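Novice: Just passing along the structure, written as structure tokens.
The values are calculated or read from the model by the stated rules, or taken from the named source; none is laboratory data. Keep in mind the model is a prediction, meaning the values are calculated, not measured. Cβ coordinates were reconstructed from backbone atoms using ideal geometry, including for glycine residues, and neighbour counts include every protein chain displayed. We work out accessible area using only protein heavy atoms, side chains counted, and drop any ligands, DNA or RNA first. Shrake-Rupley method; radii C 1.70, N 1.55, O 1.52, S 1.80 Å.
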Amino acid sequence: MDVTRRTDEQAARWSGASGHAWVEAQAVLDELLRPYEDLLVEAVSAERGGRVLDVGCGTGSTTLAVARRLGPAGHCVGIDISEPMITAARARVEREGTPASFIHADAQEHPFEPATFDTVISRFGVMFFNDSVRAFANLRRAARDGGELRCIAWRGPAENPFMTTAERAAAPFLPNLPARRPDQPGQFAFADRDRVQRILEESGWTGIDIRPIDVECTLPESELVPYFTRFGPVGQVLPEVDEQTRAQVVETVRAAFAPFVQGAEVRFTGACWFISAQA
């Protein structure tokens, strides 16, 4: 499959059902991923006047959090391929009045002004590029010399059992579940630390540091079924099945999540990489 076609597929997915699902669940997902947002905000220099690029910004929670840290003399720009998510992000910044702005585009191809940003950040937004070396080279050009890269990406599926529970439990009922391939864009595309190192080296970044982090995450138990029926491989396939199959999937998958449920909360550990580099 050629890169252009894969890029078109990513754009269609994130501007279609997947993007709308994220917008509708934005408050729940923001809270679920808040610990990662806090790590990135802490990693951004608070020097006044700084310019930050947030790659794969989604509905803009991390972009706005960084913009608040920078203050009125700084500016944070979010970029995402998803039209509905960028629309939601723009509505948030208009309501809040924080110094941030958003670009609806593919960060792999977008013609950024060279040497514009002091820091490039991403919370789970860099694993979906169709040509990662090309994408990170483009981000390198957008960063000023000495600028910093700070990204968080998932480690492998074996270390993140919560993220694969739904598809493992639903597999007997959903034979057409999309397979996760480590060499293709997706949640676990950056699982291999050595591969991430090579991507950054080949795209011109230096001072590379890729360290594992384990982060405790919580989700209200009341949001568990909406979560696994809308996101991930199961969420992609479930709208296409009949009601009986759907009911079987929901019952089976909900039971499979029992080890993660503690009273009114769902708790799990997210195994990720914290990726740092210099331009």
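Novice: Filter the stretch 112-155 for residues that are of a type in the set (S, T, N, Q) and out of contact with any His (no Cβ under 9 Å at 6 or more places or on another chain) and give the result.
Specialist: The answer is 116, 119, 122, 130, 132.
Novice: Can you name the residue in the stretch 36-57 that is open to solvent by 40 Å² or more (accessible area, probe 1.4 Å) and part of a helix (DSSP H, G or I) and is also modelled with the lowest pLDDT among such residues?
Specialist: 42
Novice: Kindly list, by first and then second residue, each pair from a residue in the stretch 194-206 that is farther than 21 Å from residue 145 by Cβ to a residue that is in a helix (DSSP H, G or I), limited to pairs with Cβ atoms under 9 Å and residues at least 6 apart or on different chains.
Specialist: That search, which allows pairs on different chains as well, returns 195/132; 196/132; 198/133.
Novice: For the stretch 67-114, how many residues are modelled with pLDDT of 95 or more, among the basic types (Lys, Arg) and more than 21 Å from the chain's Cα centre (by Cα)?
Specialist: Selection size over the stretch 67-114: 0.
Novice: Between 223, 216, which is charged (D, E, K, R), buried (at least 16 other Cβ atoms within 10 Å of the Cβ) and within 20 Å of residue 32 (Cβ to Cβ)?
Specialist: Testing whether each residue is charged (D, E, K, R), buried (at least 16 other Cβ atoms within 10 Å of the Cβ) and within 20 Å of residue 32 (Cβ to Cβ) leaves just 223.
Novice: Any idea which residue in the stretch 8-31 is farthest from residue 130 (Cα to Cα), counting only those that are open to solvent by 40 Å² or more (accessible area, probe 1.4 Å) and of a type in the set (D, E, K, R)?
Specialist: 31
Novice: If we keep just the residues of the stretch 167-194 that are open to solvent by 70 Å² or more (accessible area, probe 1.4 Å) and modelled with pLDDT of 95 or more, which is nearest to residue 244 (Cα to Cα)?
Specialist: Step one: filter the stretch 167-194 for residues open to solvent by 70 Å² or more (accessible area, probe 1.4 Å), giving 168, 172, 175-176, 179-183, 192-194.
Filter once more, keeping what is modelled with pLDDT of 95 or more: 168, 172, 192-194.
On the way: 168: 19, 172: 14, 192: 39, 193: 42, 194: 44 Å.
Step by step, filter the stretch 167-194, then rank; the result is 172.
Novice: Any residue in the stretch 10-27 that is free of Cβ contacts under 8 Å to residues at least 40 places away in the same chain sitting within a Cβ distance under 8 Å of a residue that is among the small types (Gly, Ala, Ser) and open to solvent by less than 40 Å² (accessible area, probe 1.4 Å)? List the pairs, counting only those 6 or more apart or interchain.
Specialist: 13/19
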